[in-house]
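Written below as structure tokens is the structure these notes are about.
Since every read-out is calculated from the coordinates, none of them should be taken as a lab result. The shown structure was predicted, so the numbers you read here are calculated from the model rather than taken from an experiment. Here the Cβ positions follow ideal geometry from the backbone for every residue, glycine too, while neighbour counts run over all protein chains shown.
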Amino acid sequence: MSFTFNELKQDNQAPWRAYTEHDFVRRLGDGSLTPEAFRHYLKQDYLFLIQFGRAFALAAYKSPTLADLRHAKAGLDAIIDLELGLHIDYCRQWGISEQELAELPEARATLAYTRYVLDTGNRGDLLDLHVALAPCLVGYADLARWLVDQPGTIRGEKNPYEAWLAMYESAEFQAAAQAEVEWLNERLADVSPTRFKQLSRIFNDATRLEIDFWEMGLNQQM
């Protein structure tokens, strides 16, 4: 029996939909999210990205092949050399300085998801780690495509969150997410039904923690 990433999503359809179609996401799409909620999310997402950089560094350490090592390095480079820099510039546009970002405490939702990913990677193997990471990378690509198709989504200058949506619907980000899906599909094809259940539990946990991250942003929780 051969498994795919799509079956992971189907096995966790309710939490996946609750995550990718969350009210926070909908409000980004129609422009109704409060600026205070978005700023809170941006600050915590900066801290989130730092920990995900560590997770890709762990993926490099866990990589048994040169191909896996290159895949991990590409993810680490994308976060540290590209995405964090863009994030700092974007935060500056929202009145958040790099100094403020450097002094931020982590919200409980940020701690919960990022440390879950790192703990899963430390305890398990490379596939465990990538499955825990997947709701972030693949989920953002999925929700961006979903938002673009919604009739209530506002595009252009009328939506203050246009730049955010444009980043995640971009060809570059979508290609990175697709590369991750292909990597996962190649590994999932060889797992047993028992192993798939273990991975599905990891995926479920990580997806629910992503839902909590949206809730943290929406309600400006610490």
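For the residues 140, 19, what sequence is obtained by ranking on other C-beta atoms within 10 Å, fewest first?
Working: 140 20, 19 24.
Fewest-to-most ranking of 140, 19: 140, 19.
What is the gain in length, in nm to one decimal, between residue 94 and residue 166 on full extension, counting 0.36 nm per residue of separation less the C-alpha to C-alpha distance? Intermediate values should be presented prior to the final figure.
Details: separation 72, 0.36 × 72 = 25.92 nm, distance 1.65 nm.
Length gained, residue 94 through residue 166: 24.3 nm.
Less than 14 Å Cβ to Cβ from residue 94, Lys/Arg counted +1 and Asp/Glu -1: what total charge do the surrounding residues give? Before the final figure, lay out the partial values.
Numbers: positive: 39, 43, 92; negative: 36, 45, 89, 98, 100, 162.
Within the 14 Å Cβ shell, the charges total -3.
Counting other beta carbons within 10 Å of each residue's own, what order do 167, 216 fall into, fewest first? Intermediate results must be reported in sequence, preceding the final value.
On the way: 167 16, 216 22.
The fewest-first ordering by Cβ neighbours comes to 167, 216.
If one computes the Cα centroid of segment 64-100 and of segment 1-39, what distance in Å separates the two points?
The two parts, judged by their Cα centres, are 22 Å apart.
Fewest Cβ neighbours within 10 Å first, please rank 201, 187 accordingly. All intermediate terms of the calculation are to be shown ahead of the outcome.
Values: 201 13, 187 17.
Lowest count first: 201, 187.
So what's the back-of-envelope 222 nm ellipticity for the chain, counting only DSSP H runs of four-plus at -39500 (n - 2.57) apiece and dividing by all residues, rounded to 500?
Numbers: 12 runs with 171 residues, N = 222.
One gets -25000 deg cm²/dmol as the mean residue ellipticity at 222 nm.
In a Gaussian network model over the chain where Cα atoms closer than 10 Å are linked, find which of 191, 138, 117 has the largest mean-square fluctuation.
191
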